[in-house]
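K.L.:
Below is a structure I'd like to ask you about.
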Amino acid sequence: MKTLLIHGGAGRIREPSHQALQALRDACKAGLSRDNALDMVVEAVAAMEDSGQFNAGQGSSLNLLGEREMDAGVMTSTGLLGAVAAVRYPRNPVRLARIVAEATDHVLLAGPGADRLAEGLGLPQIPPPSRGIVERYRRLLEEYRRGEYPLYRGNLETARDAGLMDTVGAVAWDGEALAAATSTGGVWLKLPGRVGDTPIPGAGFLATPRLAGSSTGLGEAIIRAMPLQRLDQLLASGLDLHEALKILGRIIEDAVGPGTMGLIAVTSRGEAGIYYNTEGIYTASCTSTSIEASLHMGGGIIMLQGG
Ligand code: ASP
């Protein structure tokens, strides 16, 4: 039995968007059309990148100068690991991360070098941002300017106030292997060159023989807390996923406070769960018999299988 769990970001999401829920369902179908865990997560994430509904791929946020700089990572329990950071060229950063994992000696490629690889390999180029994205950027920039922040500060506060954290991710178990993939445009108004948690294994994504996880939220907090690395250690100590998520939640809140992040995880024991300490998180649980896309509200732990 295949297990696929995906998310469309955690943050201050007040009411469900029907388009976002539909995009999650479509991503489930794209993932479920494949049989191995790596293909499942890459196809599900690529569908969310293309949907324009989330902060990844076509829907990516813009940095302080109004440019797109995207991060993505992919990993399997069998040892494949690849990520890209601050890329501007590819339509699907997750596919470029997979190429880094499968076709290079490296783990993480950043900036123009990664873009050159994408272009050289003939990967499709991302179309310019939609008018909606550019308008949102202008509005945020005005807010940011009104904030009169000291030089080089205040970007994260502005993005966080606007509740904009809708990175995408997918985790899967195919009965033999686990895989995780995460992709983002990063936080709005970030300084050019800023890289968040998404391409950092143990922070934004992780797959080990025990678990596959994908995080979303404030990258600066997630990198400090390394939630997936810690979750893997908790599972290694013999805890089940539910117990491990409870302890992890306390560790995260002590380390970086509430309102900072959410994550999804599946284990090789067939458990699937969600943790989030933000107002909301979009997720979808996808099996061959049912696809359930939801906006969860209020924070906490949700066990979908096991626990
Ligand atoms: N985690 C992403 C970042 O900080 C943002 C998000 O989750 O939307 O780059």
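Every number here is computed from the coordinates shown, using simple stated rules; none is lab data. These numbers come from a predicted model, not from an experiment. So basically every Cβ, Gly included, is an ideal-geometry build from the backbone, and we count neighbours across all protein chains shown.
K.L.:
So how much slack lies between residue 12 and residue 294, counting 0.36 nm per residue of separation and subtracting their Cα-Cα distance, in nm?
P.N.:
Taking 0.36 nm per residue and subtracting the Cα distance, the gain is 100.0 nm.
K.L.:
In Å, what Rg and Dmax follow from the Cα atoms of the stretch 136-289?
P.N.:
Every Cα atom of the stretch 136-289 included, Rg and Dmax give 16.4, 53 Å.
K.L.:
For the chain, give the magnitude of the charge dipole about the Cα centre (Cβ charges: +1 Lys/Arg, -1 Asp/Glu; no others), in debye to the nearest 20.
P.N.:
With Lys and Arg at +1 and Asp and Glu at -1, about 480 debye.
K.L.:
Another question about this same structure. For the chain, which span is the longest to avoid every loop-located (per DSSP) member of trypsin sites (Lys or Arg not before Pro) having at most 11 other Cβ atoms inside 10 Å?
P.N.:
154-307
K.L.:
Along Cα→Cβ, 7 Å out, is where each label goes; now give me the distance between the ones at residue 36 and residue 161 in nm to one decimal.
P.N.:
4.9 nm
K.L.:
State the Kirkwood hydrodynamic radius of the chain in Å, one decimal place, computed from all pairs of distinct Cα atoms.
P.N.:
After inverting the pairwise mean of 1/r, the radius is 18.5 Å.
K.L.:
How large is the dipole of the stretch 181-307 about the Cα centre if only Lys and Arg carry +1 and Asp and Glu carry -1, each at its Cβ, rounded to the nearest 20 debye?
P.N.:
In debye, rounded to 20, the stretch 181-307 gives about 240.
K.L.:
Name the lysines eligible as straight-distance cross-link partners of residue 29: C-alpha to C-alpha under 17 Å, and not fewer than 8 places from it in the same chain.
P.N.:
Output for residue 29: 2.
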